[in-house]
Amino acid sequence: MIYFSTKTQRALRATEKILVQLSVLSALVVILNSCNNSEQPTFTNRIAPIIYKNCTPCHRTGEAGGYSFVTYQEIARHADLIAAVTKDGYMPPWPADTAYSRFCDEFVLTQSELEALQVWAKTGAPLGDENTIPKPPDFFVDSTHEKPDLVLKMTESFFIKGDNSDKFMIAKFPYEIANDTFIRAIEFVPDNRKLLHHMNGHLVSYPEGKKKNVAEGQHLVEMDMDTDQVVIYKQLGLQNDDGTFPTLTPSVINYLPGVISTVYPEGIGGYRMSKKGAFLLKDLHYGPTPVNDSDQSIINIYFGNKPPKRPTNELILGTLGVSEVVPPLQIPPDEVKSFSTEITTTEKISLLTVNPHLHLLGKSFKSYAVKPNGDTIPLVRINKWDFRWQYFYTYKKPVIIPKGSRIRAEATFDNTTANPNNPFSPPRQVGERNTSMRTTDEMFQFIITFLPYRKGDENINLER
Ligand code: HEC
């Protein structure tokens, strides 16, 4: 037991009084607050902005969500369903843990937004003041961004045979424009979002006078690992008229399930675009399907006003990348197993965007950097892997990683029957297989996009 002197006891009693007063005050604040919040949420005063920011980008004509959530009627009619899918966390889809790191354009509801949606549904989805209905944001069909300057469509629709096998194609999107220009951003819009799993796009630029007919050759060719690249490039008619090959700028655009293309502020990234050229979509991967289907995807181009000042760099850790997966990526049946991969930075970098990539056995993912002084920089954490949402996550401001830091990624795979996405029943040994990217084989990749550090990078605002 501890005895206090009378003086201390008096002081304590005084403190108690203050505490009681404080708690009365804070109780009052709570009541006041709840009065404030208990204002009936209506479409007009509360719900519309929540839906327009977190749902409508994917829930409108031409987008993946199925239901259109644009008008009050469309949204109110499904109020109960909206309340249900948000309550159980199914929507909006945002696998990255916001307690670990934050990104641009997150689809995330705050607790109070979530509650407002529940109350709104329970009270019959009221409209509220009809004179102040918020206007839906301007959306463009087939674009998540503003109106594109140039739209290229796959010249022929790809017939996907329903034979339950993966298809790997190369598609050529030739173009011809009036003048050389600059590209600020490129957006790939998949037509068949269900089957299209992956694409890695390159830019082919023809020097002045080197190519008469950019449309020459086939525009869709099966990717065959055994066939020489040059043979395929010739099939696609990519060569200059004199038989030499034009410049190819690699990885100008990537796609994975759910990906929304990245747009950086003018001056970061971007490309030169010659009058004549083509987009070459490699590793165009369609997952297996039992029924015939088709795809005719499009590419949106946004022109820039200035030459690209700071080209972005891309590095792939893990499968098919610069760093080894440890131990080698093999997951025995009925096992949950973890792997890691890491690199050490050779210069100070400004990290812009990260993309964790696993297939169907993925369970969780984490990446962080460890500075030479031992401090840890959290990069991204996905507690519950979801194959359908493999975003390229862009930081709100570049994350500065000093030279000599270790960038480390850790992934856990679940090859048991408890994993509802396990493609095999009973489970089979699954792992990396040569250069295979088949959905039923596994991959463990961490793709980072960065700039060599420049003073002031930490203050660049990457939000749109
Ligand atoms: C990034 C795109 C995206 C965003 C953002 C998004 N959804 Fe979805 N939503 C989808 C897709 C795609 C589907 C189709 C099912 C699937 O693939 O999971 C879907 C399905 C649904 C369904 C149908 C569920 C069912 O059982 O049929 C509802 C309801 C829904 N979303 C509501 C919402 C609400 C409410 C929000 C915002 C709070 C939201 N979604 C945000 C893409 C999105």
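Just tell me which lysines come within less than 27 Å, Cα to Cα, of residue 161; anything on the same chain fewer than 8 places away is out.
Cross-link targets: 153, 172, 194, 234, 282.
Can you give the extra length, in nm with one decimal, that the chain gains between residue 111 and residue 85 once fully stretched, where that is 0.36 nm per residue apart less the Cα-Cα distance?
Separation in residues times 0.36 nm, less the Cα-Cα distance, equals 7.9 nm.
What does the highest-first list of 332-345, 252-265 look like by mean Cβ count within 10 Å?
252-265, 332-345
Taking amide H positions as placed in the peptide plane 1.01 Å from N, state which residues far from residue 252 in sequence (5 or more) or on other chains have amide H under 5 Å from it.
201, 202, 203
Return the FRET efficiency for the residue pair residue 240, residue 176: r is the Cβ-Cβ distance, R0 is 22 Å, and the value is rounded to the nearest 0.05.
Efficiency at R0 = 22 Å is approximately 0.90.
To make sure I understand the rule: partners must be aspartates and glutamates, Cα under 16 Å from the Cα of residue 403, and not fewer than 8 residues away in the same chain. Which ones qualify?
Within reach: 342, 347, 375, 457, 458.
How long is the gain from residue 218 to residue 376 if the chain were fully straight, where each residue apart is worth 0.36 nm and the alpha carbon distance is subtracted?
Extra length from residue 218 to residue 376 when fully extended: 51.9 nm.
Quick check: residue separation of residue 131 and residue 165 times 0.36 nm, minus the Cα distance between them. What number comes out in nm?
The span from residue 131 to residue 165 would gain 6.8 nm if fully extended.
Can you pull the one-decimal nm distance between simple spin-label points at residue 230 and residue 247, each 7 Å off the Cα toward Cβ?
Spacing of the two 7 Å Cα→Cβ label points: 2.3 nm.
Based on the mean of other beta carbon atoms within 10 Å per residue, what is the order of 135-148, 80-93, most packed first?
The packing order, highest mean first, is 80-93, 135-148.
Given labels modelled 7 Å from the Cα in the Cβ direction, how far is it in nm from residue 61 to residue 461?
Going by the 7 Å Cα→Cβ label model, 3.3 nm.
List the lysines whose Cα sits under 18 Å from the Cα of residue 306, skipping any in the same chain fewer than 8 residues away.
Counting by Cα, and skipping residues close in sequence, residue 306 has these lysines nearby: 275.
Whole-Hz ³J(HN,Hα) for each residue in the range 210-221, computed from phi via Karplus 6.51 cos²θ - 1.76 cosθ + 1.60 with θ = phi - 60°, x for glycine and proline: what do you get?
8, 9, 7, 10, 5, 7, 3, x, 7, 9, 8, 10
May I ask you to evaluate 6.51 cos²θ - 1.76 cosθ + 1.60, the Karplus curve with θ = phi - 60°, for each residue of the range 398-408 and list the ³J(HN,Hα) values in order in whole Hz, giving x for glycine and proline?
Once θ is set to phi - 60°, the couplings for the range 398-408 become x, 9, 8, 10, x, 4, x, 7, 9, 9, 10 Hz.
For a Förster distance of 35 Å, can you work out the FRET efficiency between the beta-carbons of residue 99 and residue 194, rounded to the nearest 0.05?
Computed FRET efficiency for residue 99 and residue 194 comes out at 0.65.
Distance in nm between label sites at residue 310 and residue 156, each 7 Å beyond Cα in the beta-carbon direction?
4.4 nm
Taking the mean number of other Cβ atoms within 10 Å as a proxy for protection, how do you rank 318-327, 188-197 from highest to lowest?
Listed from highest to lowest mean packing, they are 188-197, 318-327.
Determine ³J(HN,Hα), in whole Hz, for all residues of the range 233-249 in sequence, where each value follows from phi through the Karplus function 6.51 cos²θ - 1.76 cosθ + 1.60 and θ = phi - 60°; x replaces Gly and Pro.
4, 6, 4, 7, x, 7, 5, 5, 4, 8, x, 6, 9, x, 5, 10, 8
FYI, it's all coordinate maths here, none of it is from the lab. Being a predicted model, the structure only gives us computed values, none of them experimental. Every residue, glycine among them, receives a Cβ derived from its backbone with ideal geometry; neighbour counts consider all protein chains shown.
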